[in-house]
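The values are calculated or read from the model by the stated rules, or taken from the named source; none is laboratory data. These numbers come from a predicted model, not from an experiment. Cβ atoms come from the backbone with ideal geometry, glycine included; neighbour counts cover every protein chain shown. Remember, those area values only see protein heavy atoms, side chains included, never the ligands or the DNA or RNA. Shrake-Rupley method; radii C 1.70, N 1.55, O 1.52, S 1.80 Å.
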Amino acid sequence: MMNKVPVILISGFLGSGKTTLLLRLLAHTRQIPLRAAVLMNEMGEYDVDSAIISEEMPDVTVEGLLEGCICCSKRNELAGALHTLLSQEPDLIFMETTGVANPEQVLEELRSPLLADRLYLVHSISVVDAELFHEYNSRFTADKELVRTLHGQLRTADFIVVNKTDAASSREVTKVVKSIRKLNDTAKLQTTEYSRADLEPLLEPVLASTSVAAKPVQTPHPALAQVQPTDAGALSVATPTTIIGQPSITSRSTPFKVISAQSHSHSHDPNQTHSFSHLESLTLHQYSPLPLEKQRLERFLTGLGSSLLRAKGYCVLPQEGTMLLQFSGNHLEWQPTALPVSQGYVTLIGEQLDKASITDQWEQCFISL
């Protein structure tokens, strides 16, 4: 009988810091060392987060499921993607869901006959944005299905990371923790900045099931040592973390591959043709031969106001070259990248996006020569 491979599921709403936490976990497993593989699920046309991982850790196998959620429209493709990862014989698989995925359906799929004999769940992690938690819960009150999804991300978790506490007052953080505990009073909970969680408890069950000695090497991977301290990629694991509650009981090189990129549908009702909520994604392509002006792009994104929840992508700028763009909670960050991008793009995720108007505004971001 084949040994089962442990799985760690990472969920959380848009821009909460899931990928930053995943990068920290991957850096930590590299030091142990454990061979980790990743299944990344994105709402957009392109998999920005997988590109980030592949740039920093090209030896990590990454499979992407795009333009849909593995809890619904991509659910039928989940088993195939996981079996592709299993063929690489990893010691551990990380699964990162979209920000609007309900992990309850994902966990149900992991228990299916197609996967139950090959995988077992170690942890279900939920990452929360401390600054925006109450704002989002209030804003989406009328969207019952989305609220159920956001609450499901917390109820199914045995490990909760209340992130971005540097952007919220201590009083607000206390209120967020209190609200979370009404939904889940048993999960281990940590408050963090830049997803700097204590990773040891997360990996203890994995180490217990393998013969790998849990002695991290002290020399970091060269690529990781150069990462700037932004929420998109800060990987230091030495920063102290506040822990609240009690815990619940050879690299191989494989290129990044996109499994599919079909039209997005997030409906849990097969009779519905539209999303159950007003959230949708739109990818803007840098087709124009004219240069993209950075300040115009920044004004464009901030000018979309509350309708824009998340933006990310790679932009080719005339002065800086290729830059990784991250926008969340009205915070915009740029990060240099060595990733070869021949044509830039930005994926927007928001509520009732006026696609015609947004496309016109995007075209105004280019400078006439």
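Worth pointing out:
- Rolling a 1.4 angstrom probe over the stretch 109-165 with all protein chains present gives an accessible area of which 55% lies on carbon and sulfur atoms.
- Interchain or long-range residues, amide H under 5 Å from residue 309's placed H: 349, 350, 351
- Scalar couplings 3J(HN,Hα) for the stretch 289-304, obtained by applying the Karplus form with A = 6.51, B = -1.76, C = 1.60 to θ = phi - 60°, are x, 7, x, 7, 8, 4, 5, 5, 5, 5, 5, 4, 5, 5, x, 6 Hz; x denotes Gly and Pro.
- Order by protection proxy (mean Cβ within 10 Å, highest first), peptides 140-153, 354-367: 140-153, 354-367
- Projection of the Cα convex hull of the stretch 148-192, averaged over all directions and equal to a quarter of that hull's surface, yields 3.0 nm².
- For the residue pairs 188/312; 144/355; 18/164; 164/355, alpha carbon separations beyond 20 Å are given by 188/312; 144/355; 164/355.
- Amide hydrogen proximity for residue 344: with H placed 1.01 Å from N in the peptide plane, the residues at 5 or more positions away or on another chain lying under 5 Å are 286, 316.
- Simple spin-label estimate for residue 170 and residue 316 in nanometres, 7 Å along Cα-Cβ: 5.0 nm
- Label-point separation, residue 120 to residue 302 (7 Å along Cα→Cβ), nm: 5.2 nm
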